[in-house]
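Structure first, commentary second.
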Amino acid sequence: MTLSVGTGRKADVEILDTQGLWQPVDGLLLEVDQLQVEFRTRDGVAKAINGVSFELHQGETLAILGESGSGKSVTAQAIMGILDSPPAFLTGGEVRYCGRNILTMPDEERRRVRGPEISMVFQDALSALNPVFPVGWQIAEMFRKHRGMNKRDSLDKAVSLMERVQIPGAAQRVKAYPHQFSGGMRQRIMIAMAIALDPAVLIADEPTTALDVTVQAQIMKLLNDLQQERQMGLVLITHDLGVVADVADRIAVMYAGRIVEQSDVFEIYASPAHPYTKGLLESVPRLDQKGQELAAIGGLPPNLMRIPPGCPFNPRCRYAQDICRVDPPPPLREVVYGRMAACHFSELVLADSPELEVTQTVDDVQAALEYGPEPEVVSEPDRIAEAGRGPGGQT
Amino acid sequence: MTREVVLQAENLVKHYPIKAGVLRRTVGHVKALDGVSFELYKGETLGIVGESGCGKSTLARMLLRLEEPTAGKLTFDGVDVYSQKGAAMRRLRRDIQIVFQDPYTSLNPRKTVGDIVGEPFEIHTDVLPKGDRRQRVQQLLELVGLNPEHINRYPHQFSGGQRQRIGIARGLALNPKVIICDEPVSALDVSVQAQVVNLLGELQAGLGLAYIFIAHDLSVVRHISDRVGVMYLGKIVEIGDENQIYSRPTHPYTQALLSAVPMPDPTTRDSREQIVLTGDVPSPANPPPACRFHTRCWKAQEICSIEEPLLVARPDGESAHDSACHFAEPRVVV
């Protein structure tokens with residue numbers, strides 16, 4: 001990786017032993033290729049990820065957008081290799097970092113990727129940090145484990161990192177415990193840990209979801225500054241269409257374990273090419289205008305143990321035709337130059353052509369899903385499976 | 001236009017004692033709510049926004065009299081709520097109902113939907129004769145867009161959005177006049193959230209309900225509210241109709257809050273000015289003196305830490321609305 005990227009800040013960090021080992025070709029850092037993950041549970045197999053592919057370049061922010069259960073967090077965890085197996089199993093695909101598949105790497109080697117090269121910021125800082133160790137100790141652990149530093153040097157480094165993420169009084173608070181910090185400050189501590197070894201790729205999984213909006217603004221600004229400063233590739237996982245619009249370069253929209261649309265941020269907001277993206281954009285209330293009724297997408301995201309045949313979005317889709325229900329799920333294809341979408345009718349969605357034959361109204365969809373086949377004719381095993389899913393039933 | 005006031009809060013105060021030491025002596029107070037006044041008119045929605053810890057949920061509990069006030073007065077339809085006792089209070093409770101935030105924990109997992117939605121009739125037995133209850137519950141389910149045949153199902157058989165509908169049906173059971181919605185959609189996904197917001201809108205139009213809509217999502221609040229109050233550390237700092245608050249906010253906190261909301265439109269990325277506040281919300285156990293926002297405010301001057309600004313009408317460019325700032329002036333932030 002490029003450690004020399006022009007910041008004076010690096011002067012006090014010793015030369016990393018991994019330098020030269022990982023060299024991105026043409027700035028291409030991370031390639032995820034046809035990744036598949038399933039969860040084998042007592043109640044059946046939930047197909048959480050069904051062939052996800054994307055690329056990440058240096059200095060780029062890729063946002064993965066999706067609702068709960070769409071597989072966005074599982075994708076991140078699969079890349080990091082932190083999925084619990086069982087129940088999770090990688091059933092296919094590759095994750096290449098600088099051209100090498102990290103999924104098949106021996107654990108020892110992988111440990112040298114995870115942390116120094118690719119690191120992650122989690123959603124809930126309170127549960128991601130260890131409550132019984134001081135925060136400084138936890139940040140310093142990165143230097144102790146990966147760099148073999150002694151306690152004192154590593155703690156000094158932790159202090160300077162805490163200063164970098166703008167924690168006031170870092171030197172005094174380095175020995176404080178996670179519960180003594182506010183939510184925003186804890187998130188800063190996690191970010192400090194994640195960037196400690198100057199990774200080339202940072203994966204942020206809903207980094208601001210648990211925070212208030214004024215604090216969210218602070219954290220997003222910090223992440224943005226750090227990314228600019230270090231030319232990191234940032235994968236931002238979120239369900240917030242507002243956050244994405246502010247920071248992302250490219251967006252991948254996920255639905256039922258697939259990327260259904262991938263494109264430049266400006267184009268996707270201006271004219272979505274997939275009906276799901278379109279529906280999402282129409283269903284968010286806007287701060288700057290008082291709308292009438294929200295155009296909600298009818299129905300619910302599918303149960304991952306029973307993904308509908310055909311295009312997984314077809315029961316909720318206003319554009320759905322017979323082909324959508326019968327043919328295998330449409331692959332992600334280039335609809336317009338540089339814009340990928342997985343829909344048979346993307347051209348029509350793009351144009352939102354008036355002559356398009358809309359086969360179902362929103363009400364039909366709503367009715368079909370609320371009362372329709374799923375709950376009504378639940379077979380006994382299904383019913384139990386559903387029961388076993390329990391509250392939550394999301395990633 | 002004269003509008004009928006259904007609910008009137010006057011100077012509501014709730015302090016929770018902090019106890020410490022062996023003798024559990026009171027060493028201080030968490031000032032969760034420190035003088036909140038507002039009126040709720042018939043059939044309108046009053047949105048309450050603010051960050052966590054500002055007292056939004058305490059306010060909800062006070063309005064339902066789930067908490068006894070430290071001071072203040074709450075009037076419902078001319079009746080003083082906090083002085084009612086026994087049967088009279090129970091009767092009053094029918095008219096003010098709540099929809100909770102978390103549809104996963106606010107429904108008893110061991111009860112069927114019919115039991116949950118029908119429970120209000122078990123408590124208020126004189127509302128409906130026993131024989132009619134099941135039918136009424138089915139009507140309610142239909143009203144909120146659920147299949148009435150699902151009356152014997154358990155909460156876990158429903159998705160988050162459907163569960164929230166069950167919670168709403170329960171809230172509607174006794175034909176209340178006011179529903180307090182405490183973050184009713186914040187646990188839901190965007191596409192499902194829109195369905196529930198629409199449902200709340202339809203119910204209001206159909207049944208003439210008044211809502212207190214508490215949320216931290218400013219976009220949702222704008223969408224559903226007629227008037228909006230902004231809270232900071234136990235006080236309302238600005239209140240006005242939806243357009244006044246969002247288009248011509250005069251309080252610096254409101255301005256910062258609005259400017260921090262990311263807009264789902266990448267083209268506004270560079271043109272929009274964002275006011276990034278420093279630091280966190282101070283502890284309500286030890287709030288800053290006088291104006292509580294002065295520690296984070298870029299406009300703060302000496303007077304802000306000496307004299308508390310009152311929540312009174314201040315000009316906002318076109319008209320005037322209530323704002324608690326010495327230096328209130330309108331600023332366009334969205």
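Rule-based calculations on the coordinates, nothing more; no lab input. A quick note: this is a predicted structure, and the numbers were derived from the prediction, not measured. Virtual Cβ from ideal backbone geometry, glycine too; neighbours counted across all protein chains shown.
With q set to 0.09, 0.16 Å⁻¹, the log10 of I(q)/I(0) for region A:26-248, from the Debye formula over equal scatterers at the Cα positions, is -0.36, -1.15. Using the membrane-span-like helix rule (whole DSSP H runs, Cα extent along the own axis of at least 15 Å, mean Kyte-Doolittle hydropathy at least -1.0), which helices of chain B qualify? Qualifying helices, which must be both long enough and hydrophobic enough, are B:113-123, B:160-172, B:190-207.
Rg/Rh for region B:1-122 (Cα atoms only, Rh after Kirkwood) is 1.02.
With a simple spin-label model that places each label point 7 Å from the Cα along the Cα-to-Cβ direction, the separation between A:ASP249 and B:GLN135 comes to 6.6 nm. Taken over the Cα atoms of region A:253-318, the convex hull encloses 101 Å³ per residue. Taking the DSSP bridge list for region A:26-248 and keeping only pairs wholly inside it, about 60 percent are antiparallel.
Pairs of Lys residues in region A:26-248 are counted when their Cα atoms are under 28 angstrom apart and they lie 8 or more places apart or on different chains; the count is 8. For peptide A:212-224, the mean count of partner chain Cβ atoms within 10 Å of a residue's Cβ comes to 5.
Size estimate for the protein assembly as shown follows the Kirkwood approach: the inverse of mean 1/r over distinct Cα pairs works out to 27.7 Å. The distance linking region A:220-275 with region B:217-280 is 24 Å (Cα centroid to Cα centroid, whole angstrom).
Rounded to the nearest whole angstrom, the semi-axes of the ellipsoid equivalent to region A:103-213, taken from the Cα gyration tensor as √(5λ), stand at 22, 18, 11, largest first. Between B:VAL13 and B:ALA88, the distance separating the two model label sites (each 7 Å from Cα on the Cα→Cβ line) works out to 2.5 nm.
Under 5 Å from the amide H of B:ARG153 lie the amide H atoms of B:VAL113, B:GLY114, each residue being 5 or more positions distant or on a separate chain, with H modelled from the backbone and absent for Pro and chain starts. Rounded to the nearest angstrom and listed largest first, the equivalent-ellipsoid semi-axes of region B:282-334 from its Cα gyration tensor are 22, 12, 10. Restricting attention to the protein assembly as shown, close to 65% of DSSP beta bridges with both partner residues there are antiparallel. Annotation: extensible slack from B:GLU302 through B:GLU119 equals 60.4 nm (criterion: 0.36 nm per residue apart, minus Cα-Cα distance). Once the chain from A:ARG152 to A:THR41 is taken as fully extended at 0.36 nm per residue, the excess over their C-alpha distance is 35.4 nm. Under 22 Å from the Cα of B:LYS85, which lysines turn up, not counting those fewer than eight places away in the same chain? Within reach: B:LYS14, B:LYS73, B:LYS177.
Counting Cβ atoms of other protein chains within 10 Å of each residue's Cβ and taking the mean over peptide B:183-194 gives 6. Only the Cβ atoms of Lys and Arg (+1) and of Asp and Glu (-1) were treated as charged; on that basis the dipole of region A:26-248 about its Cα centre amounts to roughly 920 debye.
Once divided by 2.2 N^0.38 Å, the Cα radius of gyration of chain B becomes 1.05. For region A:227-364, the alpha-carbon radius of gyration amounts to 1.09 times the rule-of-thumb value 2.2 N^0.38 Å expected for a compact globular protein. Taking the Cα centre of the protein assembly as shown as reference, the dipole from Cβ charges on Lys and Arg (+1) and Asp and Glu (-1) amounts to some 2640 debye. Its Cα gyration tensor gives region B:174-288 an equivalent ellipsoid. The semi-axes, each the square root of 5 times an eigenvalue, are 26, 19, 14 Å from largest down.
Hey, if you put +1 on the Cβ of every Lys and Arg and -1 on every Asp and Glu Cβ in region A:140-241, which of A:ALA171, A:VAL215, A:MET185 ends up farthest toward the positive end of that dipole? Final value for the positive-end residue is A:ALA171. Rg/Rh for region A:129-185 stands at 0.95; both radii use Cα atoms, and Rh follows the Kirkwood definition.
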